[in-house]
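Peer 1: Have a look at this one.
The values are calculated or read from the model by the stated rules, or taken from the named source; none is laboratory data. What you are looking at is a predicted structure, and each value in this text was computed from that prediction instead of being measured. Heads up: the accessible areas ignore ligands, DNA and RNA and are worked out on the full protein's heavy atoms, side chains in. Shrake-Rupley method; radii C 1.70, N 1.55, O 1.52, S 1.80 Å.
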Amino acid sequence: MQNKALVVIDIQNDITKNYKTVIDNINKSIEWAVDNEIHVIYIRHENLSPGTRTFKTGTRGAELVPDLKRVSDHVFTKYKGNALTSEAFTEFIQNHGIDTFYITGADATACVKSTCYNLRKSDYTVNVLSDCITSYDLKKMSSMIEYYESKGCAIIQSETLTV
């Protein structure tokens, strides 16, 4: 395996309806990662706040969506926006020497944003697949792309993926 990972963030049943617009591109990116021996990692959000209605532990809403291609058992749970807050995820990164990430998922203005920011802050190479991310508020997508670029992320489209 390479020192790279494709990361799929929060494509779960409770996520925005807008994930349907990017799921085919995410699945194609997963196929690309498998074909190129790149780790495929799934990040799940669980909400531990009392009174919450979404992403509750043990519910259907917290499960990965059924139309998401599953090719590995590398599924890590986080309880905050930043995927690096999952100790199991950070341990996996360290144990496999991963230093380059391809980011897909939701929500571009929250968990994807926080994860990209913190990966860059930790000096990792971050590639955001712009046609594989979505948001509750699609009007903010172009400003989010600008934000990612301003933090040092490369913005690429899934159809241009190379090794």
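Peer 1: So what's the Cα pair-distance distribution over the stretch 43-163, bin width 5 Å, in %?
Peer 2: Here the calculated profile for the stretch 43-163 is 2, 10, 19, 23, 22, 15, 7, 1, 0.
Peer 1: Of all accessible surface on the chain at a 1.4 Å probe, what whole percent is carbon and sulfur?
Peer 2: Reported share for carbon and sulfur atoms: 45 percent.
Peer 1: GNM, the chain, Cα, under 10 Å: largest mean-square fluctuation among Asp35, Asp107, Asp123?
Peer 2: Between Asp35, Asp107, Asp123, it is Asp35 that shows the largest mean-square fluctuation.
Peer 1: Starting from the amide H of Gln12, placed 1.01 Å from N in the peptide plane, find each other amide H under 5 Å away whose residue is 5 or more places distant or on another chain.
Peer 2: Those qualifying (amide H under 5 Å, at least 5 residues apart or on another chain) are Val65.
Peer 1: Mind checking the per residue accessible area of the chain for me, 1.4 Å probe, whole number of Å²?
Peer 2: The answer is 49 Å² per residue.
Peer 1: Continuing with this model, one more query. Just for the chain, what percent of DSSP beta bridges are antiparallel, to the closest 5?
Peer 2: Percentage antiparallel, nearest 5: 5.
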